[in-house]
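Okay, structure first, notes after.
Read the figures in this text as sums done on the coordinates, not as results from a lab. Nothing here was measured: the structure is a model prediction, and the numbers come from that model. Cβ atoms come from the backbone with ideal geometry, glycine included; neighbour counts cover every protein chain shown.
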Amino acid sequence: MTVNENEAPMIDIRNVSKWYGSFQVLKNCSTSVRKGEVVVVCGPSGSGKSTLIKTVNGLEPVQQGTILVNGVEVTNPKTNLTRLRSHVGMVFQHFELFPHLSIRENLVLAQMKVLKRNREEATKKGLALLDRVGLLKQAEKYPGQLSGGQQQRVAIARALAMDPICMLFDEPTSALDPEMINEVLDVMVELAQEGMTMMVVTHEMGFARKVADRVIFVEGGEILEDSPKDEFFEHPKSERTQHFLSKIL
Ligand code: ADP
Ligand code: MG
């Protein structure tokens, strides 16, 4: 994906610091994601990756710094975060589908409630996306009747039904059985290749090698490396990154 260097970033994180009480979880983090870019975030457990990605749609407030999404200042208390979140797709580790609703209803609900689409339009869109992730036949089932990989694909379809301007993923495959990881990654690869702007916390380095434009390495709440993919894998700058890669590759 070629990106326009002159265009304002879709996601802009500037000098962000955050504390939980006296514990500093994010230390002066700055990075940006341009339109159409795929940025992978990796780093050891507890390093602040989830916290960082959740700051992007205001799920985690920060004490210092500025975050802009498509020019909207997430860190401004006057910003309507509900409205912002309606077009920032988020997929978590645990597929948070509504267990008491059919897959079809899971796909339709937010479109009707938040985007005020009528049922017919929302159903059409939801089913088209379900088809796209290869699960059209499961529409009338309930989440509990689907495998973890299938549920996560539904979660992605549900996020896409909102016509997101960008997508945030927080370890979307780390709770899945190994044989289901690829079916979810395949959907994400396709999305990336279609030009979706994505920020993805993952340790799936095969995914990163295939579609990432840049890879960010976080440790101890600091962005220690933020490099174009090839540079990240071939010549990681920081010793900590080298050490991390030597353990997971
Ligand atoms: P990662 O996603 O990289 O594993 P997290 O962002 O989840 O890391 O957490 C970073 C650090 O912040 C961890 O040390 C974690 O224990 C701590 N932490 C996360 N959430 C909270 C919270 N709500 N209150 C206090 N500490 C937290
Ligand atoms: Mg995490």
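Brief remarks follow.
- Peptides 232-240, 169-177 ordered by packing proxy, namely the average of other Cβ atoms within 10 Å per residue, highest first: 169-177, 232-240.
- Built from the Cα atoms of the stretch 119-246, the convex hull projects on average onto 9.1 nm², one quarter of its surface area.
- Restricting attention to the chain, close to 55% of DSSP beta bridges with both partner residues there are antiparallel.
- Amide hydrogen neighbours beyond the local backbone of MET90, cut-off 5 Å, H modeled: LEU168
- Overall shape of the chain was characterised from the C-alpha gyration tensor. The equivalent ellipsoid obtained from it has semi-axes of 30, 21, 17 Å, in decreasing order.
- Degrees between helix 119-132 axis and first principal axis of the chain (Cα, 0 to 90, nearest 10): 60 degrees
- Efficiency of FRET from Cβ geometry, SER45 and THR66, R₀ 25 Å, rounded to 0.05: 0.35
- Value of D in µm² per second that Stokes-Einstein yields for the stretch 204-249, Kirkwood Rh from Cα pairs, at 10 °C (1.306 mPa s): 150 µm²/s
- Cβ-derived FRET efficiency at R0 25 Å, SER30 paired with GLN193, nearest 0.05: 0.35
- Loop-located GluC sites (Glu not before Pro) in the stretch 106-142, at most 12 other Cβ atoms within 10 Å (DSSP): GLU140
- When each of the peptides 51-64, 195-208 is scored by how many other beta carbons lie within 10 Å of its residues on average, the order from highest to lowest is 195-208, 51-64.
- For the stretch 9-140, the tally of Lys pairs with Cα-Cα distances below 16 Å comes to 11, considering only residues 8 or more apart or on different chains.
- Mean Cβ neighbour count within 10 Å, used as a protection proxy, ranking 29-38, 185-194 highest first: 29-38, 185-194
- Alpha-carbon centroid distance for the pair the stretch 97-130 / the stretch 1-78, whole angstrom: 29 Å
- Near PRO99, once Lys and Arg are set to +1 and Asp and Glu to -1 for all other residues with Cβ below 12 Å from its Cβ, the sum equals -1.
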